[in-house]
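Colleague: Take this structure first; my questions come after.
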Amino acid sequence: MVSALIRCYYAVFKINYFPSRYDPSRHAERFPIPPAFCTGKREKCIIEKENNFKQPGERYRSWAPDREERFINRWFDALSDPRVTHEIRSIWITYWSQADKSLGQKLASRLNVRPSI
């Protein structure tokens, strides 16, 4: 009886994966990295001609049309959630448009949003 009440109690709350736009991340305290684990010199540099959307686009285009349709339907369902703001929806449409222009256009047309790219 008690376990059933506990399950009902927890079923009321939605899962919110941290960090998100609902609950932004908080920075942890700085912790010194022991030099014994590092060999060589660490440098911060910019990767030339970085393209974060090439691989996802190629992956999407390699799928059969029915799988592409299921993928679009899943993203449509996720972006149709009432908690998703217009800003977040637009960001995701932009990301998918950069990966594959037709994917972004299909999602935007189903969501009645104009793609910004």
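Colleague: Which loop chymotrypsin sites (Phe, Trp or Tyr not before Pro) in the range 59-117, with loop taken from DSSP, have no more than 16 other Cβ atoms within 10 angstrom of their Cβ?
Modeller: Trp63
Colleague: Just read off the accessible area of Ser109 with the full protein assembly in place, 1.4 Å probe, to the nearest 10 Å².
Modeller: 80
The values are calculated or read from the model by the stated rules, or taken from the named source; none is laboratory data. Fair warning: this is a prediction, and the values are worked out from it, not measured in the lab. Positions of Cβ are generated from backbone atoms using ideal geometry, with glycine treated the same way; all protein chains shown enter the neighbour counts. Side chains are part of the model used for accessible areas, which takes the heavy atoms of the whole protein and leaves out ligands, DNA and RNA. Shrake-Rupley method; radii C 1.70, N 1.55, O 1.52, S 1.80 Å.
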